[in-house]
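The values are calculated or read from the model by the stated rules, or taken from the named source; none is laboratory data. Quick caveat: nothing in here was measured; it's all calculated off a predicted structure. All Cβ positions, glycine included, derive from the backbone under ideal geometry; neighbour counts span all protein chains shown.
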Amino acid sequence: MGKKLLEVRDLKTHLFTRRGVIKAVDGVSFSVDKNETLGLVGESGCGKTITCLSILKLLPNPVGQIVGGKIIFDNVDLLSKSEKEMRKIRGRRISMILQDPMTSLDPLFTIGEQIAEPIRSHQNLERTNLRKKIIEMLKLVKISAPEARIKEYPFQMSGGMRQRIVGAIALSCQPDLLIADEPTTALDVTIQAQFMRLLKEIQQEFNMAMIMITHDFGIVAKVCDRVAVMYSGKIVESAGVRDLFNHPLHPYTKALMGALPKMEEDMEKLTTIDGQPPDLGHLPPGCNFAARCPEVKEICRCDSPILSEINDGHVVSCLRVQ
Amino acid sequence: MSGIILEVKNLKKYFPVLKGLVFMKQIGLIKAVDDISFTINRGETFGLVGESGCGKTTTAKLILLMEKITCGEIVFDGKKIDQQSDVDLIEYKNSVKAVFQDPYSSLSPRMRVGGIIAEPMVVSKTFSHKEIRERVSTLLDLVGLHPDSNNLYPHEFSGGQRQRIAVARALALNPKLIILDEPVSALDISIRAQIINLLRDLQNKLGVTYLLIAHDLAVVKHMSKKIGVMYLGKLVEVAESKRLYRNPLHPYTQALLSAALPSHPDIRQEEIILSGEVPSPLNPPLGCRFHTRCFNAEAVCSEEEPILKEVEENHQVACHLIKI
């Protein structure tokens, strides 16, 4: 604990499209310690996924380009690595679980073959050992009768089981860091609870760090240690999970929390955020959230706020708070 | 303005499973909705929750008469709805409308917004051109869109705005009941809150009744007066929403509520994690359909099917283990 595993410093990823340059990730900094879960929260289009694809250098080529910043993983800058070296890191040291288990598995291969793929490319195992390892992975993600399941195809499985298979593939080489991109949005409530608990158990067993990308504060409350809230390509607030829930400082964080209906209390009306997120191709000057902010001041429309530390470990980027 | 607006009695929908190309043989039945009964009061919201495949949407389709009812009846506003007689049917279809989950596929991309909203009025043939034009701009205003948007196409709008268009279309003929099938699950949190508030405002303003189908328990609780919990085509518990959340009786409801995500990291509810997944509706377990995953199942559960009975006022449960 306490040791930095991944540090992202002032990362800038821009998308060069025909419509012009879109600043999808614009100066994002955060770090993940060993054995820690960081929640990356934001609405669609705020740059959560692009940030994580940048870490793995899996951006759509040539549209997406990392134009600045540093990604330091285990004391090495990933941006200086060649494609060949990156291949040794992906799947083995950093893995990713994607949102939709229906499309992230190949329908033409058995699940045994799909789990074998990362193991085969990173470890030298004989056939019998490989098979043993696959069965071990299936048992780890709690698939019943793994010996029989190994020959089945993705279509023979339900959504929850497929997501566990995707988990088995991602975990097969015992990565140090697992990036889970909305892993449970496609799943039912009870299956979601099953999968979250499974991820937590595996994390403890392997001492793994996790980045949990989500738009749901419920998931954050349940599994994360620290949270970073993103809005239009920037991190607007980051804090320990209790700190953030007890004292949210940025108006966007407050509004997002107020927009969620809660089970414990009765509410007449939900807080809403008026309008739409800004077009990342044509950002107005000043704070990106100014146009929708309920507490906006004159200064917010011309000056850009910078991320600064308010309390121990609680950083926020808002001119009103500073 | 009270009383029952919709009553569903012993509603069943069985889908035959066929095999063979020319000489098709029926090899089984999927009991998508199996003998459910509930009532909705005028001006209230009835929430239907359950996991995918439990028959929520099929129930909605049956009420909308989009599927043929296998057995059972629907009584709307005191009148029994017969799928054969046309005259009453038109009136029924005009007073029951729906808003669907995906605002990207439920609006025709080749029609202008004005046309989409006007379509039910054009079909009903009771409005003049002028009336239609006026009503479209009133409706746009009602759902919080600019009146000029009637000349635009759906692709020019964001997800939340499209859902507003879908709501405007559903409201066009002043329906008494609107079926909301997962109306906000495809939307972002901030937009979701906008639509939830809009739907509640409209209910207060127009007195319209909602049947809300969703899997997000917090949303259902926030919007509904009464909630029905479905599992594998059966209603397992029906209660007033506050009562259901305070005191869930059916083990499935308890598990569902415990699996719901907390709104604060300090809330640590007791977790009931169900083992396994929902069994196939093709071969539902005998007896209580939930007994294969139930954490306190007894011998009687696998033999006899429990019936929905009232345990306290406005609280019905179908479980053998709950004694009155």
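Just a few scattered comments:
- The residues on offer are A:Pro183, A:Pro175, and the sole one that is away from every other protein chain (no Cβ under 13 Å), part of a loop (DSSP other than H, G, I, E, B) and under 30 Å from B:Gly50 (Cα atoms) is A:Pro183.
- Residue pairs whose Cβ atoms lie under 6 Å apart, separated by 6 or more positions or on different chains, with the first residue in segment B:49-60 and outside any loop (DSSP other than H, G, I, E, B) and the second among the β-branched types (Val, Ile, Thr), are B:Val49/B:Val220; B:Val49/B:Val229; B:Lys56/B:Ile213; B:Thr58/B:Val33; B:Thr59/B:Val33; B:Ala60/B:Ile179; B:Ala60/B:Ile213.
- Of residues in segment A:77-89 being touching a strand residue (DSSP E or B) at 6+ places or on another chain (Cβ under 8 Å) and either closer than 15 Å to A:Ala170 by Cα or not aliphatic (A, V, I, L, M) (or both), the one surrounded by the most Cβ atoms within 10 Å (Cβ to Cβ): A:Ile89
The rows are residues; the columns are (1) buried (at least 20 other Cβ atoms within 10 Å of the Cβ); (2) touching a strand residue (DSSP E or B) at 6+ places or on another chain (Cβ under 8 Å).
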{"position": "A:Arg18", "(1), (2)": "no, no"}
{"position": "A:Val28", "(1), (2)": "yes, yes"}
{"position": "A:Asp33", "(1), (2)": "no, yes"}
{"position": "A:Glu36", "(1), (2)": "yes, yes"}
{"position": "A:Cys46", "(1), (2)": "yes, yes"}
{"position": "A:Ile50", "(1), (2)": "yes, yes"}
{"position": "A:Ser54", "(1), (2)": "yes, yes"}
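- Within segment A:150-159, the set of residues being at pLDDT below 90 and either within 19 Å of the chain's Cα centre (by Cα) or among the hydrophobic types (A, V, I, L, M, F, W, C) (or both) comprises A:Phe155, A:Met157.
- Qualifying positions in segment B:138-188 - closer than 30 Å to A:Met257 by Cβ, free of Cβ contacts under 8 Å to residues at least 60 places away in the same chain, in contact with a Leu (Cβ under 8 Å, 6 or more places away or on another chain) and surrounded by fewer than 21 Cβ atoms within 10 Å (Cβ to Cβ): B:Gly144, B:His146, B:Gly159
- Applying the criterion of at least 3 residues that are under 20 Å from A:Pro183 (Cα atoms) and among the hydrophobic types (A, V, I, L, M, F, W, C) to the helices (runs of 4 or more DSSP H) found wholly in segment A:195-272 leaves A:217-223.
Quick grid of which residues meet (1) within 14 Å of chain B (Cβ to nearest Cβ); (2) over 27 Å from A:Arg226 (Cβ atoms); (3) in contact with a strand residue (DSSP E or B) (Cβ under 7 Å, 6 or more places away or on another chain):
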| site | (1), (2), (3) |
| --- | --- |
| A:Leu249 | no, no, yes |
| A:Glu265 | yes, no, no |
| A:Gln276 | yes, yes, no |
| A:Gly286 | no, yes, no |
| A:Glu309 | no, no, yes |
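- Considering (1) within 30 Å of B:Ile27 (Cβ to Cβ); (2) over 28 Å from the mean Cα position of the chain (by Cα); (3) not small (Gly, Ala, Ser), the lone condition that B:Ile307 does not fulfil carries the number (2).
- Exclusive hit being under 28 Å from B:Ile5 (Cβ atoms), small (Gly, Ala, Ser) and modelled with pLDDT under 95, set B:Gly114, B:Gly159, B:Gly144: B:Gly144
- Segment A:106-126 residues that are farther than 15 Å from A:Pro175 by Cβ, paired with ones that are among the basic types (Lys, Arg) (beta carbon under 7 Å, 6 or more apart): A:Thr110/A:Lys151; A:Ile111/A:Arg149; A:Gly112/A:Lys151; A:Leu125/A:Lys133
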